[in-house]
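These notes are about the structure you will find just below.
Taken together, the values in this text are just the output of simple stated rules run on the coordinates, not laboratory data. Since we're looking at a predicted model, the values are computed, not measured. Reconstructed Cβ throughout: ideal geometry from the backbone, glycine too, with neighbour counts over all protein chains shown.
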Amino acid sequence: MNYGEQEIVDFDINKEEHYWPNKHSKNYIIDIELPEYMAKCPRSGYPDFAVIRLKYTPNTKVIELKAIKLYINTFIYREVSHENAVNEIFDTLYKNLEPRWMSVEADFKPRGNVRTIIKIDSSKM
């Protein structure tokens, strides 16, 4: 296994070292786009590809960009449905960041003539 693959396999998004103090008290939005999400369909094993868009207004913490990249890359080895993946991403980041507001959107590439977009917004929960 190459060193990059091993780093992904061993990665734990819940470690405190991946979250830094937010030094600003004002409301502002961090907008992160991750265009290379990939996981496997739990039914067929075929690859699913998506663009993940994370937006949040930080409270006391922000996420390190390398950490979010590695976290999203951990899905490459997993079989997970679109809905479960997006809910897991939202729940994990919301729990660790404790943001003032957060949204996660996943725009899955068409497969079999079906395109799926899943959005979760903390203001609508």
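Assorted remarks:
- Shape call, the chain: gyration tensor on alpha carbons, a/c limit 1.5: oblate
- Between Gln6 and Glu88, the simple spin-label model (points 7 angstrom out along Cα→Cβ) gives 2.4 nm.
- Taking every DSSP helix (H) stretch of at least 4 residues in the chain, weighting each as -39,500 (n - 2.57) and dividing the sum by the residue count yields a mean residue ellipticity at 222 nm of -8000 deg cm²/dmol.
- Bridgeable lysines around Lys66 (alpha carbons under 18 Å apart, same-chain partners fewer than 8 residues away excluded): Lys15, Lys55.
- Among the GluC sites (Glu not before Pro) in region 13-108, those placed in a DSSP loop whose Cβ has at most 16 other Cβ atoms within 10 Å are Glu64.
- Axial C-alpha extent at least 30 Å, average Kyte-Doolittle at least -1.0 - helices from the chain (DSSP): none
- Note on Lys124 and Arg53: their simple-model spin labels are 1.2 nm apart, each label 7 Å out from Cα toward Cβ.
- Cβ-placed point charges (K, R +1; D, E -1), dipole of region 3-124 about Cα centre in debye, nearest 20: 440 debye
- Calculated FRET efficiency for the pair Tyr28/Lys109, C-beta based, R₀ 35 Å, to 0.05: 0.70
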